[in-house]
1. Restricting to region 272-303, and then to whatever is away from ligand 2 (no atom under 15 Å from the Cβ) and open to solvent by 50 Å² or more (accessible area, probe 1.4 Å), can you tell me which residue is farthest from R140 (Cα to Cα)?
2. List the number of the failed condition for Q317; all other conditions in (1) surrounded by 17 or more Cβ atoms within 10 Å (Cβ to Cβ); (2) closer than 23 Å to E111 by Cβ; (3) among the polar types (S, T, N, Q) hold.
3. Is it true that P265 is open to solvent by 20 Å² or more (accessible area, probe 1.4 Å), assigned by TED's automatic domain parsing to the domain that holds M233, more than 16 Å from ligand 1 (Cβ to nearest atom) and out of contact with any Leu (no Cβ under 6 Å at 6 or more places or on another chain)?
4. Among S320, S299, which is the only one that is modelled with pLDDT of 95 or more and either within 19 Å of the chain's Cα centre (by Cα) or within 16 Å of ligand 1 (Cβ to nearest atom) (or both)?
5. Quickly run through region 16-52 and pick out the residues that are assigned to a helix (DSSP H, G or I), open to solvent by 30 Å² or more (accessible area, probe 1.4 Å) and farther than 25 Å from G198 by Cβ.
6. If you check V31 against the conditions, is it touching a Ser or Thr at 6+ places or on another chain (Cβ under 7 Å), touching a residue at least 40 places away in the same chain (Cβ under 8 Å) and under 27 Å from R231 (Cβ atoms)?
7. If you go through region 221-235 one residue at a time, do you hit one that is outside any helix (DSSP H, G or I), under 22 Å from G127 (Cβ atoms) and within 16 Å of ligand 2 (Cβ to nearest atom)?
8. What single numbered condition from (1) more than 20 Å from H272 (Cβ to Cβ); (2) in contact with a Ser or Thr (Cβ under 7 Å, 6 or more places away or on another chain) fails to hold for L218?
Amino acid sequence: MIIQLAKDITTAQHAQLEEQLKAINYKSNHVKTQFGDYIIGVGKKDFDIRTIGILEGVQDIHRVSDAYKLVSKKWKVQDTVIDLGDGVKIGGGHFQMMSGPCSIESEDQIEKTIQLLKDNEVKIMRGGVYKPRSSPYSFRGLGIDGLKMWYKMTRAAGIKIITEVMMTEQIDAMMDYVDIFQVGARNSQNFNLLDALGKVDKPIMLKRGISGTLDELLQAAEYIFSNGNERIMLCERGIRSYEKAYRNTFDINAIAMLKEKSHLPVIADPSHGIGVRRFVEPVALAGVIAGADGVIFESHHVPEKAFSDGQQTLNHQEASKLIQKIRKTHALREEMARM
Ligand code: PEP
Ligand code: MN
């Protein structure tokens with residue numbers, strides 16, 4: 001059960017509400033975000049929700065019996081729109097692309113990527129400065145100094161940054177240089193990190209775990225929301241399956257279903273989704289048709305020389321072509337939605 005509290009609720013009204021919940025044996029959790037004030041009631045007893053709905057200080061009440069509640073579409077029918085400023089919005093009809101290398105490598109590489117994005121009017125650049133690598137001997141990123149250099153260059157170009165944060169301890173130092181914090185697949189259920197990201201007022205893109213179910217992804221998002229941050233995007237990036245012909249199995253079903261289960265924007269990551277360069281395009285377009293609010297994909301001026309994930313990275317010519325095709329596919333989807 002989600003109780004939306006009125007903005008002007010008094011301490012006395014709040015206490016009375018807590019009393020009522022106690023009386024019906026409901027455990028209450030107070031959640032205060034940048035946009036709202038809620039009480040999440042958890043209990044078994046069936047009761048007439050109007051008895052609580054009529055209390056002073058209560059704006060609205062909704063019955064949500066799933067394990068995840070605040071991220072559910074059952075109480076918030078309207079899609080969440082994430083506003084990054086400067087007219088860049090994601091969700092609720094606003095579609096965005098994000099592209100760039102797997103890893104931030106050099107000033108020259110950043111410069112070339114910014115040019116690609118500017119030429120194609122893409123507003124968000126991706127790149128990792130802290131890289132989760134299967135082998136400890138692989139390149140693990142340029143760290144905070146790389147982020148600062150990158151930030152300086154993108155700010156001058158009017159481009160936003162999405163980058164992965166791997167540990168709670170990195171958040172503070174990264175905070176001023178990031179527009180969207182990415183939580184990687186390997187950290188999808190790092191609940192301490194999710195708790196901490198719930199306490200910052202920055203958008204989060206939460207990736208699905210390598211073997212994560214949709215329920216687990218939505219409950220992970222619930223950690224962020226219930227700690228106070230409503231600005232969350234969900235990202236389908238492929239899951240591990242028995243198929244070995246490609247890196248991951250991009251779960252197109254997840255995109256369609258997440259759009260129904262949650263009001264949060266859903267982003268498709270075809271690069272990690274299939275892990276093979278020549279198939280990134282069809283998977284990306286399929287993700288758009290399935291309902292994604294955005295696409296994130298890896299690009300590099302010389303993918304063969306990329307420090308990581310070169311095998312799934314598009315060169316700038318391929319990337320430009322894909323951007324045009326994604327725009328056309330998105331327009332087609334909108335047209336079909338009106339049929
Ligand atoms: C990445 O975006 O480069 C990355 C490491 O993604 P994932 O966490 O999905 O593997
Ligand atoms: Mn990568």
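The values are calculated or read from the model by the stated rules, or taken from the named source; none is laboratory data. Because the structure is a prediction, the values reported are computed rather than measured. Note that each Cβ is placed from the backbone with ideal geometry, even for glycine, and that neighbours are counted across all protein chains shown. Calculation scope for accessible area: heavy atoms of the full protein, side chains included, ligands and nucleic acids excluded. Shrake-Rupley method; radii C 1.70, N 1.55, O 1.52, S 1.80 Å.
1. So the residue we want is I289.
2. The single condition Q317 does not satisfy is (1).
3. No, not satisfied.
4. One residue alone meets the criteria, S299.
5. Matches in region 16-52: Q16, E19, Q20, K22, A23, R50, T51.
6. Yes; evaluated as a whole, the condition is true for this residue.
7. From region 221-235, those outside any helix (DSSP H, G or I) are 227-235; that's our starting set.
Now drop any that are not under 22 Å from G127 (Cβ atoms), which leaves 231-235.
Narrowing further to those that are within 16 Å of ligand 2 (Cβ to nearest atom): 235.
Yes - at least one qualifying residue is present in region 221-235.
8. So L218 meets the others, but not (1).
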